[in-house]
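The values are calculated or read from the model by the stated rules, or taken from the named source; none is laboratory data. Not measured: the values here are computed from a predicted model. Note that each Cβ is placed from the backbone with ideal geometry, even for glycine, and that neighbours are counted across all protein chains shown. Accessible surface areas use protein heavy atoms only, side chains included; no ligands, DNA or RNA. Shrake-Rupley method; radii C 1.70, N 1.55, O 1.52, S 1.80 Å.
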Amino acid sequence: MNLDALEMTEAEHQARRIAEQNDQFRKHVLTGGPAGTPQGRIVMTRAVAEVGPTFQMEVTRAVMADETFTEDNDPYGDHTFGAVTVQGRKVWWKIDLYDLDYCWGSETPDDPSQTRRVLTVMFPSDY
């Protein structure tokens, strides 16, 4: 078997595991979810926060429900980015994968026991 094909297959498997974990984290970001749900934090840019608490809650719910993944917004298949529209405003969300102390990127991003997620919600102009 071609070594490049094996590496691609492992990368695809890792992306699929990360996508499943990201989706589980995102869908339970307000509740913490059942045992085994990946852990992390949600943060919003100042511009999003300044719109107010009702908008923040609507955005959070829209991000939790987002399932729109295409090759354009998810080229690696790991579900680390998305875009939703809330009250007529485009909002982006992204998930970054950190070590347990939130200092560095995770060395094992597909291992939820060694990875913490940070879900950032922002307007495109914040990026």
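Residues in the chain average 61 Å² of solvent-accessible surface per residue, probe 1.4 Å, ligands and nucleic acids excluded. Determine the shape class of the range 56-126: with a ≥ b ≥ c the square roots of the Cα gyration tensor eigenvalues, call it rounded for a/c under 1.5, and otherwise prolate if a/b is greater than b/c, oblate otherwise. Because a/c hits 1.5 or more and a/b exceeds b/c, the range 56-126 counts as prolate.
As a rough guide to protection, the peptides 103-112, 58-67 ranked by mean Cβ packing within 10 Å, highest first, stand as 58-67, 103-112. As a fraction of the 1.4 Å probe accessible area of the range 2-84, surface on carbon and sulfur atoms comes out at 52 percent.
Given their separation in residues at 0.36 nm each and the Cα-Cα distance between them, V118 and T70 gain 15.1 nm when the chain is fully extended. Compared with the dominant principal axis of the Cα atoms in the chain, helix 3-27 is inclined by about 30°.
Computing Cα extents along the principal axes in Å directly from the structure and comparing it against [x] 53, 38, 31; [y] 43, 31, 29; [z] 55, 30, 26 singles out [z]. Relative contact order of the chain, taken over Cα pairs closer than 8 Å and 6 or more residues apart, is 30 percent. The length gained by stretching the chain between E12 and T85 to full extension, at 0.36 nm per residue less their Cα-Cα distance, is 23.4 nm. Over all other residues within a Cβ to Cβ distance under 11 Å of P38, the charged ones net out to +1, with Lys and Arg as +1 and Asp and Glu as -1.
Between the helical axis of 53-65 and the longest alpha-carbon principal axis of the chain there is an angle of about 30 degrees. Each of W93, Q114, S125 was scored by the projection of its Cα onto the charge dipole of the range 87-127, and the greatest displacement toward the positive side belongs to S125; charges sit on the C-beta of Lys, Arg, Asp and Glu. Spin-label pair R46-L100: with each label point 7 Å from Cα along the Cα-Cβ axis, the two points sit 3.4 nm from one another. Taking the DSSP beta bridges with both ends in the chain, the antiparallel portion is around 75 percent.
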